[in-house]
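Right, one structure below, let's go through it.
The values are calculated or read from the model by the stated rules, or taken from the named source; none is laboratory data. This structure is a prediction, so every number in the text was calculated from the model and none was measured. Please note: Cβ atoms are built from the backbone with ideal geometry, for glycine as well, and neighbour counts cover all protein chains shown.
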Amino acid sequence: MDFSSVERIAYLGPRGSFSEMAADIFCGKYNIHPYPEPVNTIRQVIEYVDENPNVLGVIPLENSIEGSVRESLDHLMMTINPNVKILSQTVMPIRHCLLSRNTEFYSITGVISHPQALAQCQNFIHDEMPRNLNLIEASSTAEAARSLANYNLTYAAIGSEKTAELYNLNILKENINDDKSNQTRFALIGDFETEVTGHDRTSLIFATENKPGALLEILHIFYQNNINLSYIVSRPSKIKFGDYNFIVNFDGHVKESKILNTLKQIKEKTTFMRFLGSYEK
């Protein structure tokens, strides 16, 4: 991919977030040096890419514990520019730490973090922290760390080692997430074209008529074309209660004739379809 024209890269900020760490990975992979653009929400990342040419965005797509990141999927399929899509992906281990301006673990009475980080550290919070612990949600783990300046020394945040370094915080406990194999899949998005590598994945979202066998007809098209379907999840359509969109990942690239023909067949059987990108696995 030619990213020579890229001027900025947006991600869920502020600085020190796992999204920034993922952005660093993408920049290193493609040897680019765009100006970083941290924003407050995943929706704002997608809108920034949707509204501005020659920019990239980084969004979390899936966590090994919590599953799909609904905000990312819901807003990615609604971009005004239909060419905004997934260009690349990276899977990053998520290692949470308990951070504080304090140095005494047993003095902590409150914890601030993103809801997903709190969920990923449930066992630690239940087993190691006080029962009357005050839990406060933040828009990101980095924002939680930054907000500690507004609280007394008995408050801590959940974040990464990089977060501790950026905000000059002490690491009270390391690797506190319940599942030590915790990983998040991040996507690089933008209005650029990807090339066939031979080991690609395509993502697609579609809706069918609400009738018996409608989804089975779509799945049969994948079977008939000998295409490996590796992922499927449903999301409420937000149009009519009881109607759902289906998000699928499958092997192949849209520039391959077999995949292109498959998409044409699927479109005939759907009420809505949106191509979300073909990218290297």
Exercise. How many residues, within the range 40-79, are modelled with pLDDT under 95, hydrophobic (A, V, I, L, M, F, W, C) and over 14 Å from the mean Cα position of the chain (by Cα)?
Worked result: 1
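Of all residues in the range 80-105, which are among the charged types (D, E, K, R), within 28 Å of Leu188 (Cβ to Cβ) and more than 15 Å from the chain's Cα centre (by Cα)? Quick ask: steps written out before the conclusion?
Keep residues of the range 80-105 that are among the charged types (D, E, K, R), which gives 85, 95, 101, 104.
Pick out the ones that are also within 28 Å of Leu188 (Cβ to Cβ) and you get 85, 95.
Across the range 80-105, the qualifying residue is only Arg95.
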For this session: Quick one: in the range 258-272, of everything that is modelled with pLDDT of 95 or more and among the hydrophobic types (A, V, I, L, M, F, W, C), which residue is surrounded by the fewest Cβ atoms within 10 Å (Cβ to Cβ)?
Result: Leu260
For this session: Out of the residues in the range 150-164 that are assigned to a helix (DSSP H, G or I) and either free of Cβ contacts under 8 Å to residues at least 12 places away in the same chain or crowded, with 22+ Cβ neighbours inside 10 Å (or both), state the one that is farthest from the chain's Cα centre (by Cα).
Result: Asn150
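Restricting to strands (runs of 3 or more DSSP E) lying wholly in the range 170-281: which have 2 or more residues that are within 19 Å of the chain's Cα centre (by Cα) and in contact (Cβ under 8 Å) with a residue 24 or more places away in the chain? Let's see the steps before the verdict.
Working: elements: 170-173, 183-190, 200-207, 229-236, 244-251, 272-280.
Qualifying strands (runs of 3 or more DSSP E): 183-190, 200-207, 229-236, 244-251, 272-280.
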Exercise. Given the structure, is Gly16 modelled with pLDDT under 95, touching a Lys or Arg at 6+ places or on another chain (Cβ under 6 Å) and under 22 Å from Pro93 (Cα atoms)?
Worked result: yes
For this session: With respect to Lys173, determine if the residue is surrounded by fewer than 20 Cβ atoms within 10 Å (Cβ to Cβ), basic (Lys, Arg) and closer than 14 Å to Ser100 by Cβ.
Result: yes
For this session: Determine, yes or no, whether Lys255 is surrounded by fewer than 12 Cβ atoms within 10 Å (Cβ to Cβ) and not β-branched (Val, Ile, Thr).
Result: no
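Every residue in the range 70-84 that is touching a residue at least 60 places away in the same chain (Cβ under 8 Å) and assigned to a loop (DSSP other than H, G, I, E, B), please. Before the answer, list the steps.
Step one: filter the range 70-84 for residues touching a residue at least 60 places away in the same chain (Cβ under 8 Å), giving 70, 72-74, 76-77, 81-84.
Listed by number, the residues that qualify are Met77, Asn81, Pro82, Asn83, Val84.
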Exercise. Only one of Leu87, Leu61 is out of contact with any helix residue (DSSP H, G or I) (no Cβ under 7 Å at 6 or more places or on another chain), outside any helix (DSSP H, G or I) and not assigned by TED's automatic domain parsing to the domain that holds Asn245; which?
Worked result: Leu87
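Would it be correct to say that Leu215 is assigned by TED's automatic domain parsing to the domain that holds Ile112 and either modelled with pLDDT of 95 or more or not acidic (Asp, Glu) (or both)? Working first, answer last.
On the way: assigned by TED's automatic domain parsing to the domain that holds Ile112: no; either modelled with pLDDT of 95 or more or not acidic (Asp, Glu) (or both): yes.
Answer is no for this residue.
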For this session: Starting from residues that are under 31 Å from the mean Cα position of the chain (by Cα) and not in a strand (DSSP E or B), keep the ones in the range 106-117 and report whichever is farthest from Asn150 (Cα to Cα).
Result: Gln116
Seminar exercise, completed: Scanning the range 109-128 residue by residue, those modelled with pLDDT under 95 and of a type in the set (A, V, I, L, M) turn out to be Ala117, Leu118, Ala119
Exercise. Looking at Asn134, is it of a type outside the set (Ser, Thr, Tyr), out of contact with any strand residue (DSSP E or B) (no Cβ under 9 Å at 6 or more places or on another chain), at pLDDT 90 or above and surrounded by fewer than 21 Cβ atoms within 10 Å (Cβ to Cβ)?
Worked result: no
